[in-house]
1. Could you list, in sequence order, all residues of the range 14-30 that are within 17 Å of residue 168 (Cα to Cα) and surrounded by 18 or more Cβ atoms within 10 Å (Cβ to Cβ)?
2. Is there a residue being at pLDDT below 80, surrounded by fewer than 22 Cβ atoms within 10 Å (Cβ to Cβ) and under 37 Å from the mean Cα position of the chain (by Cα) anywhere in the range 529-550?
3. Is there a residue in the range 219-231 that is more than 19 Å from residue 80 (Cβ to Cβ), crowded, with 16+ Cβ neighbours inside 10 Å and modelled with pLDDT of 85 or more?
4. Could you please find all residues in the range 90-119 being in contact (Cβ under 8 Å) with a residue 40 or more places away in the chain and in contact with a strand residue (DSSP E or B) (Cβ under 7 Å, 6 or more places away or on another chain)?
5. Considering the range 270-302 alone, what residues qualify as being under 30 Å from residue 326 (Cα atoms) and either touching a residue at least 12 places away in the same chain (Cβ under 8 Å) or not in a helix (DSSP H, G or I) (or both)?
6. Can you confirm whether the range 469-481 contains a residue that is assigned to a helix (DSSP H, G or I), over 50 Å from the mean Cα position of the chain (by Cα) and on the phi < 0 side of the Ramachandran plot?
7. Just to be sure, is residue 57 at pLDDT below 90 and at positive phi?
8. For the range 494-520, what are the residues that are without any contact (Cβ under 8 Å) to a residue 60 or more places away in the chain and crowded, with 18+ Cβ neighbours inside 10 Å?
């Protein structure tokens, strides 16, 4: 019965310590709790061996020495825990050196057996006679224990009426319960020569340890929610521990028990031991290879794939993703986070490239605007003089028909130059937008009416899909109308033999989206990047100045919007415009 209790206590301690430590392995309180549990597990193992498997002619000094030393180490772990919990603070090294200094003397004294005069079984009865130094050892252990309790009590008063205070209060109760039970089993009853409770001392600690673990885990140790959280995030440490435990138990049942039965069925002879050792080594290879396979499959292979994907990203292949089987451990979360990071990085770089293109285009617009203003100014003055001279010459009556025709041709070319310079001046002119709430659908209708005076535009089939109840746009109506009119006339030029012009509006996230599409000649993909550059045009020579779309781009961006072209080669072109909605609508 006693051996089962010890095994149960040992199993519970290992499981509890592992569970709490893995829950937050970087937390100092969890680390100290794991150390405390380790010392308590050693205490349980020594009691399990000593009380359940007593060996004749074997000194009991090892048990007494380990009892004193482990008891002291547990109290040291308690003091460190009191220092770091619940703030996850650092251990004060100077204070620790002062408080733990007596251990440098007392631990060697226990190892050399200076704490007792005799210890062991006499006539089947356990007895121990302590030396005076042992009482000093016990007093020091209780002083360390009391110091840790005082530190925790001070923190309880500091954090009273908070969750931290509740946690510290629960731990104080655990210390009280543990201290009373351990004192009764290890000090009080043995002092009066009653050693029957001594084998159960490690079991008496379990209630206090459970309270201890319950408090440190934010009172969620036994909650269903916490269990479900652990199931959703199944740490890889749990997987490895379960794998090792499962392989060990299965290999013990399948291999070790049959090998022991087969090797020792004729007694514990030298040959029997030789058989056992040889076949035990052989049988150990199978579970070890299985464990290696599990570790490689669980850790090495996924990490290798993540590493290769990371290398690809560093080489510029942004958006690279790791193709892993979905798992709910740290590696699964790492892979998901890496994929999300890679996708966002690719999106961010794409946005940066677009912003860079917009900045370059804006700089070009500014530079070309300055140049255009200067050129137009210098050209207009002599052009006006030439135009006046031509008009004077045309007013004379003695001109022959050929001369009149040449002068008319010259006047036509002057008008063309004048129109070009006018476009350049419009492009260069910086006019503040007179913004007011504007109905986009109404602007589109007005622009269509203006464009309809053009005979070529009248041959187009207009398809409108204008959303109802659109919010207003805070903009300069004349400038936005100029954008629409320019795009409509561009569509006319792309449809010399007639075609379809589609206009669609829709409300988006704090913006109005307008799509203007035609099924004309289209724009090549390589030209789409330059379509808004000043003086770039896809029209034949003499048909355009290349300033219309540059003006549209300047107007839309000045309103805080965006204009983009979607090239579709020979199947037409779509211009997408996004304008922020009005705050005063």
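The values are calculated or read from the model by the stated rules, or taken from the named source; none is laboratory data. The structure displayed is predicted, hence computed values, not measured ones. Heads up, the Cβs are rebuilt from the backbone with ideal geometry, glycines too, and the neighbour counts pull from every protein chain shown.
1. 20, 28, 29, 30
2. Yes, there is a match, as at least one residue in the range 529-550 is at pLDDT below 80, surrounded by fewer than 22 Cβ atoms within 10 Å (Cβ to Cβ) and under 37 Å from the mean Cα position of the chain (by Cα).
3. No: zero hits.
4. 115, 116, 119
5. Hits for the range 270-302 are 286, 287, 290, 291, 294, 295, 298, 299, 302.
6. No, because not a single residue in the range 469-481 is assigned to a helix (DSSP H, G or I), over 50 Å from the mean Cα position of the chain (by Cα) and on the phi < 0 side of the Ramachandran plot.
7. yes
8. Hits for the range 494-520 are 495, 501, 503, 517, 518, 519, 520.
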